[in-house]
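The values are calculated or read from the model by the stated rules, or taken from the named source; none is laboratory data. Quick caveat, the model's predicted, so the values are computed rather than measured. Glycine gets a Cβ as well: all are built from the backbone with ideal geometry, and neighbour counts include every protein chain shown.
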Protein chains: 2
Amino acid sequence: MTEIYDCIIIGGGLAGLNAATHLKKQGLNILLLEARNRFGGRTESIKVDDYWFDLGGQWMGGTHNYLRAVCEQLGVKSFPQFDEGKHVLEINGKKAYYAGNISTLNNSKDYKLDGLFECIDLIDKLAAELDPTKPHSHPRTKEFDYQTVDQWTRDNVKSVDAKAIIDWFCRVCVAAEPTEVSFLYFLHFIRTAGNYSLLADIHGGAQQDRLIGGSQQISDKMAERLGRGSYYLNSPVKAIYQDKNICTVKTELVTYKSKYVICAIPPTLAGRIEYRPPMPSQRDELTQRMPMGSVIKTIVIYDEPFWRKEGYSAEALSDKGPIFICYDDSSHDDKKTAIVGFIAGRAAKEWGKKTPEERKKAVLECYARWWGDKALHCRHYLEKDWKTEEYSRGCYLAYGGPGVLESCGDALRQPVGRIHWAGTETASKWIGYMEGALESGERAAQEVKQKLLSSKL
Amino acid sequence: MTEIYDCIIIGGGLAGLNAATHLKKQGLNILLLEARNRFGGRTESIKVDDYWFDLGGQWMGGTHNYLRAVCEQLGVKSFPQFDEGKHVLEINGKKAYYAGNISTLNNSKDYKLDGLFECIDLIDKLAAELDPTKPHSHPRTKEFDYQTVDQWTRDNVKSVDAKAIIDWFCRVCVAAEPTEVSFLYFLHFIRTAGNYSLLADIHGGAQQDRLIGGSQQISDKMAERLGRGSYYLNSPVKAIYQDKNICTVKTELVTYKSKYVICAIPPTLAGRIEYRPPMPSQRDELTQRMPMGSVIKTIVIYDEPFWRKEGYSAEALSDKGPIFICYDDSSHDDKKTAIVGFIAGRAAKEWGKKTPEERKKAVLECYARWWGDKALHCRHYLEKDWKTEEYSRGCYLAYGGPGVLESCGDALRQPVGRIHWAGTETASKWIGYMEGALESGERAAQEVKQKLLSSKL
């Protein structure tokens, strides 16, 4: 007779693994199925020159308390993001170097940031009004959701430089253009992180710490603790059937049975699974309308941190690209020196059509533009275009265009029969981050646990 | 040994069937696979009281020359859409009756249509500038594609009534909200139809004629002419593998081989098939970003055409709903009398959550609002919520939100290796209509024929 699991979890990223961990701790009989030949989902660490670099999610923010606790449990150590020296701001064809906060550039020779800080305050104020578990319950939902970020900044930000910075922020945070993203979704993203500064900042903010050994090890260690037999790799799920009593989960060759399913993959990929009965239309509408962001992550490994010697932090904010944001990515012991940079939004789509060699050349030239010709000669160039990864199809997260949250938002987390939804997009804290993924996994596990308990009573 | 077809066509709607028909005429060995237990795709005819009503596409427009020729070949007869009497315009909470053209209402007691006709002229002028095979090659692509229809009407239409009419037009034509649809996509839609009036009009326009016996018979007759063995119903395609020489097409139980594949289903559904090698990112980005429109089509069958007797045409334009547009749907011999009405866009999502009984009540009350209490008592109420149909997942067509055509438009029609794309969305004339579906099928067939010919040389 086929074994009937209490719950099958689809997806071996942080969300799925945390859901599995929680259910297993309750003594439940679970099985996790991962499509790829590795765990980690949108985190992936690669060893180069005997050091682990991250091609996916990599930072532990100052308020990523869940992630911090998990890292402590698993013995994963962190170290502060390097941040000393002058940063670059390259907006509207102008380039300036500054130390500390961007506000020091206000009314400088190059930039007029009139309205930027008032605008950020307003965004924070509006974001704070949202219910992070139901952003589309805000009284001004239609107004906010029916416009794009670009529309809002056009109408609400005074100076062109300030507008360019908010637009840039959307591009690098959501990995989609301000012309694509609903303003309500943008507010929701900010709301779940806390505020604008927490997203932008290093100290105390989203980019505070990095993990020695890379972030994929968290997933690997969680899987290891689940133990063999609790998971299968190389097992893309093709179909989920459910009736009143049972779920049937089909991979290409094997069919599994369970009482419940937690689907811990992005909405657009969940939409590619066949369901019997078919998904109700609201859920299907959602999966048709939440594309993944577009980002190519690059890591350039140098023989020496030439930028540091010249007083630069390797942090740059640009609306020209191809790199729109970058940071020092050197090892904790400074033995390996590198810069991590992101090609985001529309540029990721354009640069994605070119060859790795072309991208490498453009990235190095971009760094040379900021920090001189030493940037042209690197030891290694690593990159990952997440759009090409069949079982992610983009990063960092799925986003909603105008009208999506308002009309389909309920379907993001609402279970459909015995199927529950996890994944960083479904979180109420730090959507798009490892933190959100972990939270969502526990929340979905709780839902399933509750149902299992009440069915036993 | 497995038979190797010259081409496998996926989808037994008008696009797929026309592609198959063209290839078969060339003496090629083809196989068509349809997921449903019927042909017709987004056309579906249902016999009620011994008369065929259409739950999907139903009109043959004045310039639908391809469709007209096909109907003639297949012996499908048409008759003019009934259009006599006064129409209803219900916009911004006001209701007026008018005969002939909407322009007669200009500066009437109720409506101020200042700017409407200038705006339509401007839309037509801009649309005419587009290349219908590549709308995103227009010099102002970014400007047009980075805004929604709502943004454009807000900035370009003088009176609130005129704006409401253009917004309404987007909703009923594209079956999506003006806040969701890219202005470039809207222009493209209009461009492929010819102009605004051709879409709106009955005489000479998109709603000129109806088909005796319904529209699904076109597909049924095309399939019949293909002959048994040329197609299989109930055969949803799960995977397409291709290498340099051959395609492998997998349904749940059977695997087929062919030299080429024509995928004649909407982009979002094509995105749910598994491909080996996986789709290049640009194509996948597109399939993540072109959701299907939202529409519920309703048909109310009455014992008598009470509206005609009172001088009404049964044509109503409303931004209140639940019916946003309706027409007389009586039989060619007037023996059956009915009204066909559409719940479109956001309202289709909302009303889709309710029961058929609730919708019926609301639709009848809507008609009573316009034509009196006789509308409350019907013989039959038919409806089809296309979003719930697993192998359509919406109607009339897929649309692009802001930025989609510009960044992903090339992937709409560009073959990927041995896989070619058809479907009304890929047409250059009348996208979203039966006309476009037919054209796209022939175009894809030509592409495959050319490749087969050149590989033989």
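If I ask for residues that are facing chain A (nearest Cβ under 10 Å), within 24 Å of the chain's Cα centre (by Cα) and not hydrophobic (A, V, I, L, M, F, W, C), which ones from the stretch B:268-320 would you list?
B:T268, B:G271, B:R272, B:D284, B:E285, B:T287, B:Q288, B:R289, B:P291, B:S294, listed by residue number.
Can you confirm whether the stretch A:216-227 contains a residue that is in contact with a strand residue (DSSP E or B) (Cβ under 7 Å, 6 or more places away or on another chain) and either within 14 Å of chain B (Cβ to nearest Cβ) or free of Cβ contacts under 8 Å to residues at least 24 places away in the same chain (or both)?
No, the stretch A:216-227 contains no residue that is in contact with a strand residue (DSSP E or B) (Cβ under 7 Å, 6 or more places away or on another chain) and either within 14 Å of chain B (Cβ to nearest Cβ) or free of Cβ contacts under 8 Å to residues at least 24 places away in the same chain (or both).
Restricting attention to the stretch B:196-207, does a residue exist that is in a loop (DSSP other than H, G, I, E, B), over 30 Å from B:E3 (Cβ atoms) and polar (S, T, N, Q)?
For the stretch B:196-207, residues in a loop (DSSP other than H, G, I, E, B), over 30 Å from B:E3 (Cβ atoms) and polar (S, T, N, Q): present.
Of the residues in the stretch A:133-157, how many are surrounded by 17 or more Cβ atoms within 10 Å (Cβ to Cβ), more than 14 Å from chain B (Cβ to nearest Cβ) and under 20 Å from the mean Cα position of the chain (by Cα)? Break it down into steps so the answer makes sense when it comes.
The first filter runs over the stretch A:133-157 and keeps only residues surrounded by 17 or more Cβ atoms within 10 Å (Cβ to Cβ), leaving A:135-136, A:138, A:141, A:144-153, A:157.
When the remaining residues are screened for being more than 14 Å from chain B (Cβ to nearest Cβ), the result is A:135, A:138, A:157.
From what's left, under 20 Å from the mean Cα position of the chain (by Cα): A:135.
Total meeting the criteria: 1.
Quick test of your reading of the structure: A:S258 fulfils all but one of (1) over 30 Å from A:P356 (Cα atoms); (2) within 10 Å of chain B (Cβ to nearest Cβ); (3) buried (at least 23 other Cβ atoms within 10 Å of the Cβ). Name the failing condition by number.
Failed condition: (2).
Out of the stretch A:236-255, which residues are part of a loop (DSSP other than H, G, I, E, B) and more than 14 Å from chain B (Cβ to nearest Cβ)?
A:D243, A:K244, A:N245, A:I246, A:V254 - these are the residues of the stretch A:236-255 that are part of a loop (DSSP other than H, G, I, E, B) and more than 14 Å from chain B (Cβ to nearest Cβ).
Among the residues of the stretch B:164-204, which ones are touching a Cys at 6+ places or on another chain (Cβ under 9 Å) and small (G, A, S)?
B:A175, B:A176, B:A193, B:A200
Since A:G56 meets every condition but one in (1) part of a loop (DSSP other than H, G, I, E, B); (2) in contact with a Ser or Thr (Cβ under 8 Å, 6 or more places away or on another chain); (3) not assigned by TED's automatic domain parsing to the domain that holds A:D319, which condition does it not meet?
Failing condition for A:G56: (3).
Can you run down the residue pairs with Cβ atoms below 8 Å, 6 or more apart or on separate chains, where the first is in the stretch A:297-321 and within 16 Å of A:A344 (Cβ to Cβ) and the partner is in a strand (DSSP E or B) and aromatic (F, W, Y)?
Sorted first by the residue in the stretch A:297-321, then by its partner, the pairs are A:K297/A:F342; A:T298/A:F342; A:T298/A:Y381; A:I299/A:F53; A:I299/A:Y381; A:E315/A:Y327.
Residues in the stretch A:162-205 that are under 21 Å from B:S407 (Cα atoms), touching an Asp or Glu at 6+ places or on another chain (Cβ under 9 Å) and of a type outside the set (V, I, T): how many?
The initial filter retains those residues of the stretch A:162-205 that are under 21 Å from B:S407 (Cα atoms), namely A:164, A:167-183, A:185-186.
Now restrict to residues that are touching an Asp or Glu at 6+ places or on another chain (Cβ under 9 Å): A:164, A:167-168, A:170-171, A:174, A:177-183, A:185.
From what is left, the residues that are of a type outside the set (V, I, T) are A:164, A:167-168, A:170-171, A:177-178, A:180, A:182-183, A:185.
Qualifying residue count, the stretch A:162-205: 11.
Take the stretch B:85-122 and flag every residue that is of a type in the set (S, T, Y) and surrounded by 15 or more Cβ atoms within 10 Å (Cβ to Cβ). Steps first, please.
Let us first name the residues in the stretch B:85-122 that are of a type in the set (S, T, Y), namely B:97-98, B:103-104, B:108, B:111.
Residues satisfying the conditions are B:Y97, B:Y98, B:Y111.
Answer with yes or no whether B:L184 is closer than 29 Å to B:G352 by Cβ and either outside any loop (DSSP other than H, G, I, E, B) or within 14 Å of another protein chain (Cβ to nearest Cβ) (or both).
Numbers: closer than 29 Å to B:G352 by Cβ: yes; either outside any loop (DSSP other than H, G, I, E, B) or within 14 Å of another protein chain (Cβ to nearest Cβ) (or both): yes.
Answer is yes for this residue.
Residue by residue through the stretch B:77-92, note down the ones that are assigned to a loop (DSSP other than H, G, I, E, B) and touching a helix residue (DSSP H, G or I) at 6+ places or on another chain (Cβ under 6 Å).
Applying the first criterion (assigned to a loop (DSSP other than H, G, I, E, B)) to the stretch B:77-92 yields B:77, B:81-85, B:92.
Answer for the stretch B:77-92, where residues must be assigned to a loop (DSSP other than H, G, I, E, B) and touching a helix residue (DSSP H, G or I) at 6+ places or on another chain (Cβ under 6 Å): just B:N92.
Considering each residue of the stretch B:158-184, count those that are surrounded by fewer than 24 Cβ atoms within 10 Å (Cβ to Cβ) and aromatic (F, W, Y), and give that number.
2
Which ones in the stretch B:284-307 are surrounded by fewer than 23 Cβ atoms within 10 Å (Cβ to Cβ) and more than 18 Å from B:F53 (Cβ to Cβ)?
At the first step, the residues of the stretch B:284-307 found to be surrounded by fewer than 23 Cβ atoms within 10 Å (Cβ to Cβ) are B:301-306.
Hit for the stretch B:284-307 is B:F306, nothing else.
Mind counting the residues in the stretch B:277-334 that are on the phi < 0 side of the Ramachandran plot, aliphatic (A, V, I, L, M) and in a strand (DSSP E or B)? Let's see the steps before the verdict.
Of all residues in the stretch B:277-334, those on the phi < 0 side of the Ramachandran plot come to B:277-310, B:312-313, B:315-320, B:322-333.
Narrowing further to those that are aliphatic (A, V, I, L, M): B:279, B:286, B:290, B:292, B:295-296, B:299-301, B:316-317, B:323, B:325.
Narrowing further to those that are in a strand (DSSP E or B): B:292, B:295-296, B:299-301, B:316-317, B:325.
Within the stretch B:277-334, residues that are on the phi < 0 side of the Ramachandran plot, aliphatic (A, V, I, L, M) and in a strand (DSSP E or B) number 9.
Please determine whether any residue of the stretch A:96-107 is more than 23 Å from the chain's Cα centre (by Cα), in contact (Cβ under 8 Å) with a residue 40 or more places away in the chain and assigned to a loop (DSSP other than H, G, I, E, B).
Initial filter on the stretch A:96-107 (more than 23 Å from the chain's Cα centre (by Cα)): A:96-107.
Going one step further and asking which of them are in contact (Cβ under 8 Å) with a residue 40 or more places away in the chain, we end up with A:97, A:102.
Applying the additional criterion that residues be assigned to a loop (DSSP other than H, G, I, E, B) yields none.
Within the stretch A:96-107, none of the residues are more than 23 Å from the chain's Cα centre (by Cα), in contact (Cβ under 8 Å) with a residue 40 or more places away in the chain and assigned to a loop (DSSP other than H, G, I, E, B).
Can you name the residue in the stretch A:59-84 that is surrounded by 20 or more Cβ atoms within 10 Å (Cβ to Cβ) and of a type in the set (A, V, I, L, M, F, W, C) and is also nearest to A:F342 (Cα to Cα) among such residues?
A:W59
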